[in-house]
Every structure is written in C-alpha cells, then in structure tokens.
1. Show me, for the range 459-471, the HN-Hα J-couplings you get by feeding each phi into the Karplus relation (A = 6.51, B = -1.76, C = 1.60, θ = phi - 60°), rounded to Hz, glycine and proline as x.
2. Identify all aspartates and glutamates with a Cα-Cα distance to Lys492 below 16 Å; exclude those on the same chain that are fewer than 8 residues away in sequence.
3. Can you figure out the FRET efficiency of Ser569 with Ala382, using R₀ = 56 Å and their beta-carbon distance, to the nearest 0.05?
4. Step through the table entries Lys466/Lys819; Lys272/Lys296; Lys272/Lys466; Lys221/Lys471; Lys67/Lys129, compare each Cα-Cα distance with 31 Å, and write down the pairs that go over it.
5. With all protein chains present, how much of the accessible area of the chain (probe radius 1.4 Å) comes from carbon and sulfur, to the nearest whole percent?
6. Please report, in whole Å, how far the alpha carbons of the range 34-141 spread along each principal axis, starting with the longest.
7. Wrap a convex hull around the Cα atoms of the range 19-82, take a quarter of its surface area, and give that in square nanometres.
8. Grab the Cα-Cα distance for Glu306 and Arg493, subtract it from 0.36 nm times how many residues apart they are, and report the gain in nm with one decimal.
Amino acid sequence: MEDDPTADTPAGPLSGLRVLDLSNSPAGAQASQTLADFGAEVVQVEPPGGSALRGLPSYPLICRGKKSMVLDLHDAGDAALAWDMALGADVLIETFRPGVVERLGLGYQDLSAANRRLVYGSVTGFGRKGPYANAKAYEALVMARVGALWASQGMVAREGPAHVSVPYCSYGASQQLLTGICAALHERERSGRGQHVDATLVNGLASLGTWNWYLNVITSKFPDAFTPSSPFGTHGLPLSPMVFMLLIALSKDGRWLQFSQVQLHLYMEMLKVMGLDWMLQDEEWKDAVWAADTPKTGEFWDKLYEAVQSKTLAEWNEIFENDHNVWAETMRRGSELLDHPQMQHLGAVVEIDDAERGLVRQPGPIVKMSDTPAVLERGAPALDADGEGLRSAPWKASGSPPPIAQLPPRGPALGDVTMLELGTFFAAPFGGTVLREVGARVIKVEPMEGEPMRALLPFPEVGAAKCMQGKESICVDLSTDEGREIVHALAKRSDVVLQSFRAGVAKRQGVDAITLRGINPDLVYLNSPGYGIDGPCGDRPAYAPTIGAGSGLVMRNIGTAIDERPGLSLKEIRADAMHLSGAGTTEYAQADGISALTAASAMALGLLVRDRVGASQEMLTTMLTSTAHALADDMVEYKDRRPTQAADPELFGYSARYRLYKAADEWVYLAAPLLDEWPALCAALESEVDLAGDARFTDEEARSSNDAALAEVLAGVFAGKPAQHWEDLLLAADVGCVVAHRAPPESVLQSAEFALAADLLVEVEHPTFGEHVRLRPYIAFSRSETVAEPGSLAGQHTDTILNELGYSAAAIADLRERKVVA
C-alpha cells in the first residue's frame, strides 16, 4: 500500500500515498488538492456525467494533479470496484450526508475492518447528531442557521440578513479535514492503524471567529458587570479612532482603499501625509481626531475622505512606496490578487497547462516548503481520464500489513509533538490552538507585557481566551541574551516552530529559522506572517481588514451592492464604506481565521513530510496566499472560464432557488438549486402554488430565463406563513430550507436548542472567569483523543517550563527580578 513503484505519480514528498476521493464538494476537494500538490496519488471518483465540482470555475485549481475515475456507486459492480480501490488506499475522503456511504457499502466500519491502516476523512454539514444532521450541507443553510447572515446585515441598506458569498464554512472544513488527515497519518506511524477523521461545515465556520464567543460567555455570566456598548455615539459617529485608523475611502479615480494605521505612530504618519496633522494641536479639532462624541468628529471624518479622494490610486501607491509607515490595500476584485506585487515576489502564482483549458493561471500550494516543494505538473483531469487503467488494474492492498498491537493507543494523534509558538494576535497563533486540540503540546512565548489580544477588549483576557485555549504560556524578554537562551533551549526540545512576525523581526530577536534550525536541525519551522518574511510588502502591517481588502474577500462578499466609481459624494462614500466594513471584518469570519486554519494544515503537513521522507525544513504560509485559496473560484484565469457565481445587488442570494426570503415573521434561506431538487420543491409547495404547472418554469432553461419571476412567486408564497413553518415543511420533504436566525453565531452555538442537541459543547474552567462552555475540538477522531482546555494567563507556566529546562527556583527568581521573564 505504501510505495508502489509502478504508480504513475509525480515525484513529491507524499509520493506513494494513495488517496481515494469520493467527495463532491470543495470541502473535500481542497483537502485532497493539497495532498496531490505534494505528490500523493489522488483519484477523484466521479458519478456518470461528472462531478458537480466540474461546474465550478475553480475546478482546474482544486482538482489539479488528480486522476479521474467514473463509478456509479449505486451499481453493485462499480461499488465493488470502489471497495477494491479503498483496500489499497491510505486515505479515503467523502462528503456525503450521514448514512449515505454506509448504505453504499463503503462506510468506515466496514472498510476499516478490511483495511485497518485506512485513514477515512469525512465532512458533513451539521455533524452526525441533532435535528439538522440529515439536512443538506449547503454552505448558505449552515450560515443562515447559525446566525451568520444576520451578523452580516451591515453589508446592505435594506432590513434583514445578507447573503455571504465567501465559502467560509467549506474552506474552514477543508483545512480542518486536511489537518486531521495529516495528524492521523502521523499517528499511524506509531500505531499502524488508521482511523476516522470527522469535520463539519458548522465547525469550519465556528473556528474562524476571534473573541465574540468569550464576550458572550462574560455578558451571560456577569450581566451586571460588563455590558457591551454601541461603537457609535449620540451623533451616529464612531466612539473610537479605530474607524479612522482602519479608514475605508475612495480614491480620485474611483478605487476603494483600506488603510492600516492601527498603531499610534502609523496613525500620526497618515495624518501627516494627508496634511491633517495640524489638527492634533488645534483646540477646535484635536478631540475629533480621537473620535470624541461631538459633531466635529463627523467633519473630521469627511476631511479624511476628501484627502483620500484628492489623489488617484497610482498617486497613493507612490506615497506608499516612499513611506512605509503609511499603507492601504486596494480593494481588489476577482483574480486581481494574482497580480499583487507580493504574490509575484513570493512566486505564489503558477501557470499549469491543462489538457482541456490550456494554460491556467492560479495560486501555488497553500504552503511553500524549502526542501520538498510542491510538484505542480499536471492540470485537472478530463472526465474518466484514468478510468480504463484503474478499472483494469485497481489499487490493491500490497501484501500483509505490518504487525500491530492488539489494542492500538488512544492518546492524541499529535501527542508526541511539541510546538513552540512565536507570534501575536490570531491570524497564525490560532493554528497552534488547533494543533493543541489534536494533542500537540503548545508553548507560547509571550512578550513581557503579555499577548496584545489579552487587553484588546475592556474585560481582561476575553480577547485572547479562544486563541490561548490549551496553551502553556511563558513571558520572555527576547531583547536580552538570557531571554533568547531560554527560547533556544525550548527550540531544542521542540518539533515545530510557528512564527508570525513581520519581515525582519524574528531575525532581530534571534528566533529566525536559520538560528533555531541551527540549534535543532529536526525542526519543522513555519513562517506565517501577513505578507511574507521579505519582499515589497513584507514589512507592511497586515490586519484582517487589510488582507480582506487586498485579497478580494471584501468585494467577493459585497458584489454590486455598493458603487465603485469616481465622483461619489461624501454621504455616498460614508454609507458605502460602512457596508464594505461589514463585508470583510465580521468577527465571526475573516482573513485572520482563514490564515490560522491554513497554518495549522501546513504544520501538520510538515510533520507528515518529516515522517515520510525525513525532511525537516523551513516553510511559509501568508495571510495573503491563504485567503487566495479560500477564494478559489475567483483565483483562476483561463480561456472561456465561466464567471464566479455572484449575488444580486441587494444580497438576497444567487438565484430564486438559492436565496433569502422574508416569511410572515422572520427570514428563511431556500437552497434547492439543482435540477433533481425541483420536483421535491414543487411537491412540497403544491398546496400554495402550482410551480410544476406554470409554463414559465417547465424546464431548467425556462426556470433560468424566468428566474426573477420565480423569485417573485416564491417571495409571495413564503410571505404567507411563519419561517419555522417553512423550515419544518421543506426539511421534511428533503428540500434545503432553514430559518435565518437573528442571534449571532456565538449565541446560537452556545444555545441548548442547537448546540446541546448536536453535542457541540464541553465545560471547562478559566483561571479568570471560571467555569464556562466552549466548543468541543473542531476535528473528531474515532480512536485518538482530542484536548478541550480553557485559555491560560500570561506567564502562567513560566516557572514550570523553566524548571523543565533545569533552572533552579533561585535562578528563576533572579530572572524575574531582572525582568527577563514574567
């Protein structure tokens, strides 16, 4: 099963690894894409007529390097062939609803009995328990049910929730699946056994949020002690200068810009460049600069807009080039990210010759490895391109598997891994949190004053509690020789290092890859900054709004709901800027979370590569490249590509059968876009309307041509009865429809109605705010244990860690006295 010299696979660190991919959605396909990128032999099993993946613009990206085999899994002969292939596979991936693969005879229990080394990866929509377990796993249904669409209401001027186009759930689940598969393969090296790895779209989304989960915990637990206040004052103006520091404004030639001046000295420099720094000393204006609750603040806001609107995009870019203390990203659309100067510098854009499409321009791999790079030689396969060869010579188990213990271990999959975390905020460090849940010991090195997220919100620790879950914390002054010696000693005992500082910082602090790998050559060292460790943007500040703008994430969500042209009035600019802010910087999902999950996948993959070929190496992910993969449908260029699906200007959804509708009381999301779903929709609504008999909707072509009319008909139907009625009726008919819940995701996911029924929660005790619920680990394993722990305090484990390193109590006290540790 391991290394078949006859296998027609490209060279790569995962060469010899066989992956049978039965998935029909990006959540599975993007996980296997990375395995294929690094040399695994991935066979995409497609139904007769081809997989639904072929209808996506991103198909040549997410299926590159794979093989195609057509099998009708409902046919006994083809199902038997799939069984034979699974016996010779190392990994199987499926994204069916719970129970489907079991009915096909390809469930984990049956296959694992015959192939005990098989790692079996699954993605479901809502998980395997609870009232929604059997609901169709459409992205929008998950988003609507957990409250994400109402949380995105700021994107639109109308009342009601807003459709979200970025596939947060699917990308999050794909990276969790990939992390879980790599961790299970790593564990297989010790136990000789495979196991089932389970991910969900719900967890794919839930993992992306930064701190609102704990904000909800605190406001629920201590309602009188801490009450969140509106960010806007009595005049409808911001109460924090953060709105100005993260200014969204329009250039003279009509391009939206997202500024990134969050630090005080950067804000000062922006005001200077705009010719407004005199206001800091002016009695009339100085309070407005800091967002005082006065009408003058509104006038100052307009002055900022006028300053930006006085220059073209090219003129602003020249300013940014000459002054690295001022920075704004252009809000890109479509595939414009591929031309970003930092993407070009990183070599993060490749062209692959595709047999059906010619040259396809697309992002490179999710992680750049120094010693064992990805091998991107083949485009996506034509339908059944490899079917004949695989049918005549299907994979088979290669002889007797190695002996294994009767009772394989049940410890965590990464229980033998120690990770050293160097970095701040969420975008990379939360990747360490994910690995901790899978069993790695994670030691976070914090600055003497602690992780900055700890003080980001008014209530202590709330900002960092999620990111710190399960980690051990040591506070060290890296500017001192003794502080660096401590980190070097930790690196010597570690397997993985994660660092996310801006370009040059790690080297100045003596914790860069060359230094630490010189101390421990077996280290897997991941750089995971915003832009990179060098290049034209390597030293630029990279926050979630910055990357959301520069990558195209904001514009993917907002679509045509705002104007982008020269000459908008200040009133129009302010209104559209507020909508743009809601499109890219929602707390529940943004570029930070996307980047963190990608970093977790990269580290788990790096460990697997070390297992297989003995290569410990330096690696690189960035926020920019990670978000490119989350926007896969936009990030491809080839002749005659179909356009990326776009929402209507009011952000109801994509089409009459995949959009939001106002019911008699609340809103619902209908998701029944496929041809074979039309009869069930007609039958379920036949007491309300005769869709089947309406000449405008007789076939798919007619329904497409009359989509606006169909939406009008359905809007009238849904308006007649309460939202819960429609959810109950349509789900019972196996038609995708759920109530779009008003409560935000952190509230829905803590509710008894939803979370307890799906068994999502576990109780832990935080050292500051006591007992509370948190989500169970995002990735589930059939055999390996996972770790669900609370967050830790800054320096909570300093003494313990130093004791392990051999420091005496007196030596530790001395280091504290001299402020080397805290």
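1. Residue by residue, the range 459-471 yields 8, x, 6, 4, x, 10, 4, 5, 5, 8, 4, x, 8 Hz.
2. Partners found: Asp416, Glu421, Glu482, Asp512, Asp522, Glu618, Glu804.
3. With R0 = 56 Å, the Cβ-Cβ based efficiency is 0.60.
4. Long pairs (Cα-Cα over 31 Å): Lys272/Lys466; Lys67/Lys129.
5. Of the solvent-accessible surface of the chain, carbon and sulfur hold 52 percent.
6. 39, 37, 27
7. Across all orientations, the range 19-82 yields a mean hull projection of 4.0 nm².
8. In short, 61.8 nm is gained.
The values are calculated or read from the model by the stated rules, or taken from the named source; none is laboratory data. Note that the coordinates shown come from a computational prediction; the quantities given were computed from them, not determined experimentally. Backbone-built Cβ (ideal geometry, glycine too); neighbour counts: all protein chains shown. Surface areas here come from the heavy atoms of the whole protein model, side chains and all, with no ligands, DNA or RNA. Shrake-Rupley method; radii C 1.70, N 1.55, O 1.52, S 1.80 Å.
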